[in-house]
Amino acid sequence: MRTINIVIFTLLAFYQVWACPFHDPELPTWNPLGEDIFVLSTFLEKKNGEFYPGVSWPTNQKEGWPVQTPEAGEIIELRESPYDYGKALVLQGVSGHQWVFAHLSSFSPALDSAFEAEKHLKKSNELKWQPPQTTWTKFNEYDTIGYSGQTGTSEPSLLLEMRGAKGKVILNPCFYGIACDDSVYVKLVGAAVWDAANPKSNLSLTSEAALKKGCLEVDPSFIEPRLALKFLDYTHKSSTKPTGIYELNMQVGDKMVFAKEYQQLGISQKDVIFEEILWAENQKSPGEWHVMAPGTRPNPSTEGSARTLSQFMRNVVRYNDRRAKSHPVKLNVMDYRYNESYFALVPREKCSPTYNHSLYHHQDSLLFTFLSRPWLNLKVCVQSDAKVSILDENKHILSNEICQEFPHEAIQLSAILQKFPQGRTLTVSANQNSRAIAVRPVRLSPNQKISWFQDGVQLEFTHHRPLFPTALAWELQNDKKGQALRVHPKGFYTTGKVKTCMRPDDSQAQLYRLNADTQKWEWLATQNSSTINGQKYLCATTSELQDLSFRIDKTPPKLGTPQNTIISEKGKDIPAWRIPLHENGAGIASGNDLQAWQGETWVPLRYQAHSSEIIIKKRHLKKGVPLRVEMRDAVGNKSTANLKL
């Protein structure tokens, strides 16, 4: 029997690495650029803490590629901004669908001329305009509607977004005749299993190499094991940018335990973090962690039974269930070009080689987030003077012996709070330094309205549905530029917005948020003053829990040395000036906060926010007339530059 089991396991290992393309003669072969190119970003791919609303294609670091219409229709909106979509248009198709084309360098000649005239009329560098319905707003199928560019983004590309239900639902263009070329199969690069019944238990992590052998590590002591899998997909072999997946199916025997398709997204859901994608730093190990939990958003009707999967994992590991071993967990994953990958996994107590990726990268090594839950690294306890204590809301000590009561390793914060549910502050002393961390448990109940006020910080939001025992934590830290609020866990799923209030130590301080991708502090437009308990607070509204910081910026923007350059307009190269803009951190809130004049004549300009530079077309300038550029940053610092171009 031992020989038979070895043969079965070997066959499963072969089966799990098999991937095959889905060859369908009906596959779309057309995209708006009219070129056979791989997609750059895919529908619902996670970017900057949000989910990507469409599909984008790279343009080989060039601008000016003609963009074609997918169907006949009429232009209902033209817009231009330094941020988000950049220069974009909305086409109302005869099918009833709306098509958004973004990051353009220019529109078709008639559209562009009309839009430029409207900008001159309103003296506006940032504009959203509904043009009058006339002959030049109507287009036939495959007409050139505009030209690709890099407005509002960091590299030349084209974003296509598709909407239905009168613009209220974002659809996946890959299923409506648009080619989403992808030649690489989805990989399974990590697995995590935890015990939903015991928050004190640690994670069982499985490496990519072990998964290739068909092994899934599960601790036999787990009572209700739950599973998350990490997938990685690229569109082509030379790509360095991971993309999203389209479909997941998981079976145990003949029972479906998880099935999900990512096809559409409600406009109201666009800015939320979906709970089935768990947050983890991926700098050294890219990919997305998907929790196998039926009924999660955006498709609450997801099929499956978490109980069936849980029982299977528990029984195989704990009872050495031979029948279950011969019927492994079967998983198939599909990308947006219908390339399918198949995997078969057998739960085992130990898998080799072990998972050796760091659980944090840019985060603090003491308090960090991994898989959307906060962790406290008790390795600090090995230091001779280390002391970790937990206090209640009145600062009464509940225990001074956390180092003696828990193992000296990274543990989930929820494990400490399960033993000390009244705990509200953790103090950590080591190397003659002391830190205070505010903590609180989170109940396993849906739609919790959380209002947490402690030590000068207030958090308010509604938590959708905890998928595992967890906790909240924050810590105030000081650096050279101001006070920062570090909040955990990252990726904590909320319905609606998160309101965070902090008490500034300087009346001129403004709130900034930390961009998790760039690790740079960015000024928050959604902030206002509020009075709490008779004291002044600054409050910010964000789409998720985010690190915030007070910063003081008194430095106005200034311009660098103008440089001759060539830009694309209506598919042709034209001369322009490229002028660096130096700014101290607050940023430029709007394209209209930069205005250029020659005498009394307004001169249009484009602000490239990602590269922080101003672009002015030479044909808009009069020879020999000085150029005056008026600048205002997001916090109100103003300056004027006079240039001779």
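The values are calculated or read from the model by the stated rules, or taken from the named source; none is laboratory data. What you see is a predicted model, and the numbers here were worked out from it, not measured in a lab. For neighbour counting, all protein chains shown are included, and Cβ atoms are generated from backbone atoms with ideal geometry for every residue, glycine included. With ligands, DNA and RNA removed, areas are computed over all heavy atoms of the protein, side chains included. Shrake-Rupley method; radii C 1.70, N 1.55, O 1.52, S 1.80 Å.
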Residues of segment 588-625 classified as free of Cβ contacts under 8 Å to residues at least 60 places away in the same chain and out of contact with any Leu (no Cβ under 7 Å at 6 or more places or on another chain), total: 13
Residues that are in contact (Cβ under 8 Å) with a residue 60 or more places away in the chain and open to solvent by 40 Å² or more (accessible area, probe 1.4 Å), drawn from segment 560-570: Lys570
For Gly587: the one exception among (1) open to solvent by less than 30 Å² (accessible area, probe 1.4 Å); (2) at positive phi; (3) at pLDDT 90 or above: (3)
Qualifying positions in segment 93-116 - polar (S, T, N, Q), buried (at least 20 other Cβ atoms within 10 Å of the Cβ) and more than 23 Å from Arg606 (Cα to Cα): Gln98
Options Ser183, Ser207, Ser221, Ser201: the member that is more than 23 Å from the chain's Cα centre (by Cα) and within 21 Å of Glu340 (Cβ to Cβ): Ser183
Any hit, segment 499-514, residues being within 12 Å of Phe461 (Cα to Cα) and of a type in the set (Asp, Glu): no
Where a residue in segment 363-377 is among the charged types (D, E, K, R) and its partner, wherever it lies, is open to solvent by less than 20 Å² (accessible area, probe 1.4 Å) and assigned to a loop (DSSP other than H, G, I, E, B), with Cβ under 6 Å and at least six apart: Arg373/Pro489
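Considering Ile390, Ile411, Ile437, Ile416, which residue is more than 28 Å from Ile532 (Cβ to Cβ), part of a strand (DSSP E or B) and either open to solvent by 20 Å² or more (accessible area, probe 1.4 Å) or of a type outside the set (Asp, Glu) (or both)? Quick ask: steps written out before the conclusion?
Values: Ile390 fails: more than 28 Å from Ile532 (Cβ to Cβ); Ile437 fails: more than 28 Å from Ile532 (Cβ to Cβ); Ile416 fails: part of a strand (DSSP E or B).
From the options Ile390, Ile411, Ile437, Ile416, the qualifying one is Ile411.
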Close pairs (6 angstrom Cβ cut-off, 6 or more residues apart or separate chains): within 15 Å of Glu74 (Cα to Cα) in segment 105-116, open to solvent by 10 Å² or more (accessible area, probe 1.4 Å) and among the β-branched types (Val, Ile, Thr) anywhere: Ser108/Thr144
Hits in segment 189-219 (condition: outside any strand (DSSP E or B), buried (at least 18 other Cβ atoms within 10 Å of the Cβ), out of contact with any Pro (no Cβ under 6 Å at 6 or more places or on another chain) and not small (Gly, Ala, Ser)): Leu203, Glu208, Leu211, Lys213, Asp219
Any hit, segment 160-180, residues being within 24 Å of Leu467 (Cβ to Cβ), buried (at least 22 other Cβ atoms within 10 Å of the Cβ) and either aromatic (Phe, Trp, Tyr) or touching a residue at least 60 places away in the same chain (Cβ under 8 Å) (or both): no
Top-ranked residue of segment 393-407 - restricted to ones that are outside any loop (DSSP other than H, G, I, E, B) and among the hydrophobic types (A, V, I, L, M, F, W, C), ranked as surrounded by the most Cβ atoms within 10 Å (Cβ to Cβ): Ile402
Among the candidates Asp321, Asp364, Asp254, residue that is modelled with pLDDT under 75, open to solvent by 30 Å² or more (accessible area, probe 1.4 Å) and among the acidic types (Asp, Glu): Asp321
Scan of segment 517-559 for residues that are polar (S, T, N, Q), assigned to a strand (DSSP E or B), open to solvent by 30 Å² or more (accessible area, probe 1.4 Å) and over 19 Å from Arg632 (Cα atoms), ordered by number: Asn528, Ser529, Ser530, Thr531, Gln535, Thr541
Any hit, segment 424-434, residues being modelled with pLDDT of 85 or more, within 30 Å of Asn584 (Cα to Cα) and hydrophobic (A, V, I, L, M, F, W, C): no
Segment 36-62 - residue that is open to solvent by 30 Å² or more (accessible area, probe 1.4 Å) and polar (S, T, N, Q) and, of those, modelled with the lowest pLDDT: Asn48
So Thr153, is it more than 25 Å from Asp593 (Cβ to Cβ) and open to solvent by less than 40 Å² (accessible area, probe 1.4 Å): no
Condition check for Gly244: at pLDDT below 80, under 29 Å from Trp57 (Cβ atoms) and of a type in the set (Gly, Ala, Ser): yes
Number of the exception - Thr144 against (1) crowded, with 21+ Cβ neighbours inside 10 Å; (2) closer than 20 Å to Pro70 by Cα: (1)
Residue satisfying all of: in segment 468-490; hydrophobic (A, V, I, L, M, F, W, C) and open to solvent by less than 40 Å² (accessible area, probe 1.4 Å); nearest to Glu276 (Cα to Cα) among these: Phe468
Matching residues, segment 491-515, being under 22 Å from Gly587 (Cβ atoms), open to solvent by less than 50 Å² (accessible area, probe 1.4 Å) and touching a residue at least 60 places away in the same chain (Cβ under 8 Å): Tyr512, Asn515
Qualifying position, being basic (Lys, Arg), under 23 Å from Ser105 (Cα atoms) and buried (at least 18 other Cβ atoms within 10 Å of the Cβ), among Arg606, Arg632, Arg619: Arg606
